[in-house]
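In what follows, a single structure is set out as structure tokens and then discussed.
The values are calculated or read from the model by the stated rules, or taken from the named source; none is laboratory data. As the structure is a computational prediction, the values presented were derived from the model and not from experiment. In this analysis, Cβ positions are derived from the backbone assuming ideal geometry, glycine residues included, and neighbour counts consider all displayed protein chains. SASA here: full protein model, heavy atoms, side chains in, ligands and nucleic acids out. Shrake-Rupley method; radii C 1.70, N 1.55, O 1.52, S 1.80 Å.
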Amino acid sequence: MTGMVLSASPIKEYDKRIELLTKERGRISAFVPGARRINSRLSACAIPFTFGTYYLYEGRSSYNVDNSQIKTFFSEIADDFDILCYASYFAELARYFTRENVEAPDELLLLYVTCSAMTKKQISLVLIRIIYEMRIMQIEGEGLELFCCLACGTEKGKKKVYFSRGGFLCSNCAEKTGILQRDKGYYLSPDAIYALQFISTTPLERLFTFRVSDHVERELSEFMKQYYGYYLHHTFQSLTFLQDPVY
């Protein structure tokens, strides 16, 4: 199976239990016998954020790693505390959204290109987080309509995002539907809208190829907090280690 290690923990005296995000079977757990032994041939495949091909066999109650072919080892993640905190958050999000025995090719590729972008250090970790959060919501069917009004289809004029409707409504349609009585809507600048549209439509391999100004980054970061707060009623433990930037 093609996969990436989300987490690893010691089991017994010399073994490890890993959680794999795989292309073919989604999120699964597997035991790595002897991974903690010195010079073990399986030790490398049990390190978090290692990506490669894993050869598994099914035991009575779990998968077991028989061999592996490591393709990418993101050693830079463990060497940088800030990157490690963000990577842990992305892994927790992947763990939250994926299921066992349900294919997860897009989730796996998104996590891979995100880890790659963090280690290259060409764009800020805050923007990487915005991109990852926005795209995984789209992959999981919780994306927003950010191109036209959901009611009349117009692409012109000022529009606001209404989370309760799942995207844009123009001012006329918002008034007609009566939504203004219970939802004020969220206004985004043209630059922020363009950035989110790019994130939503660009192939995963090209996601991390743009930058935004500090002002737009701050605007997008605040928007994503509101977006996740509305749709995801879940506390992600790794968020406690992330620090909001000072602009």
Against the conditions (1) under 28 Å from E140 (Cα atoms); (2) at pLDDT 90 or above; (3) in contact with a Phe, Trp or Tyr (Cβ under 7 Å, 6 or more places away or on another chain), where does Y86 fall short? Just the number, please. (3)
Conditions (1) closer than 30 Å to G143 by Cβ; (2) of a type in the set (F, W, Y); (3) in a strand (DSSP E or B); number of the one not met by F31: (1)
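Let's see how each residue does on (1) open to solvent by 20 Å² or more (accessible area, probe 1.4 Å); (2) modelled with pLDDT of 95 or more; (3) closer than 19 Å to A195 by Cβ:
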residue	(1), (2), (3)
A117	no, yes, yes
K121	yes, no, no
L125	yes, yes, yes
R129	yes, yes, yes
Consider L188 against the criteria (1) surrounded by 12 or more Cβ atoms within 10 Å (Cβ to Cβ); (2) modelled with pLDDT under 95; (3) on the phi < 0 side of the Ramachandran plot: it satisfies all of them except one. Which criterion is unmet? (2)
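In region 146-174, what count of residues is obtained for those that are assigned to a helix (DSSP H, G or I) and either of a type in the set (D, E, K, R) or over 17 Å from S189 (Cα atoms) (or both)?
From region 146-174, those assigned to a helix (DSSP H, G or I) are 171-174; that's our starting set.
Those still in the list that are either of a type in the set (D, E, K, R) or over 17 Å from S189 (Cα atoms) (or both) too: 172-174.
Matching residues across region 146-174 total 3.
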Conditions (1) open to solvent by 30 Å² or more (accessible area, probe 1.4 Å); (2) in contact (Cβ under 8 Å) with a residue 12 or more places away in the chain; (3) in a strand (DSSP E or B) -> V65 fails only (1)
Flag for A94 being buried (at least 20 other Cβ atoms within 10 Å of the Cβ) and at pLDDT 95 or above: yes
Taking F74 and the conditions (1) open to solvent by less than 20 Å² (accessible area, probe 1.4 Å); (2) touching a residue at least 60 places away in the same chain (Cβ under 8 Å), which numbered condition does it fall short on, given that it satisfies the others? (2)
Qualifying positions in region 222-240 - among the aromatic types (F, W, Y) and in contact with a helix residue (DSSP H, G or I) (Cβ under 6 Å, 6 or more places away or on another chain): F236
Taking the condition of being open to solvent by 20 Å² or more (accessible area, probe 1.4 Å), closer than 24 Å to S116 by Cβ, out of contact with any Lys or Arg (no Cβ under 8 Å at 6 or more places or on another chain) and without any contact (Cβ under 8 Å) to a residue 60 or more places away in the chain, how many residues in region 1-54 meet it? 3
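Sort out which residues of region 132-145 are open to solvent by less than 40 Å² (accessible area, probe 1.4 Å) and in a loop (DSSP other than H, G, I, E, B), and write them in order of number.
G143, L144
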Out of region 97-115, which residues are open to solvent by 60 Å² or more (accessible area, probe 1.4 Å) and either without any contact (Cβ under 8 Å) to a residue 12 or more places away in the chain or of a type in the set (D, E, K, R) (or both)? R99, E100, E103, D106
Collect the residues in region 202-237 that are in a loop (DSSP other than H, G, I, E, B) and either closer than 15 Å to S124 by Cβ or at pLDDT below 95 (or both), keeping them in residue-number order. L207, F208, T209, F210, R211, V212, S213, L232, H233, H234, T235, F236
Pick from region 146-174, criterion out of contact with any Ser or Thr (no Cβ under 9 Å at 6 or more places or on another chain) and open to solvent by 30 Å² or more (accessible area, probe 1.4 Å), ranking: farthest from A192 (Cα to Cα): C152
Condition (residue is open to solvent by less than 60 Å² (accessible area, probe 1.4 Å), free of Cβ contacts under 8 Å to residues at least 60 places away in the same chain, at positive phi and in contact with a helix residue (DSSP H, G or I) (Cβ under 7 Å, 6 or more places away or on another chain)) applied to region 197-216: is it met by at least one residue? no
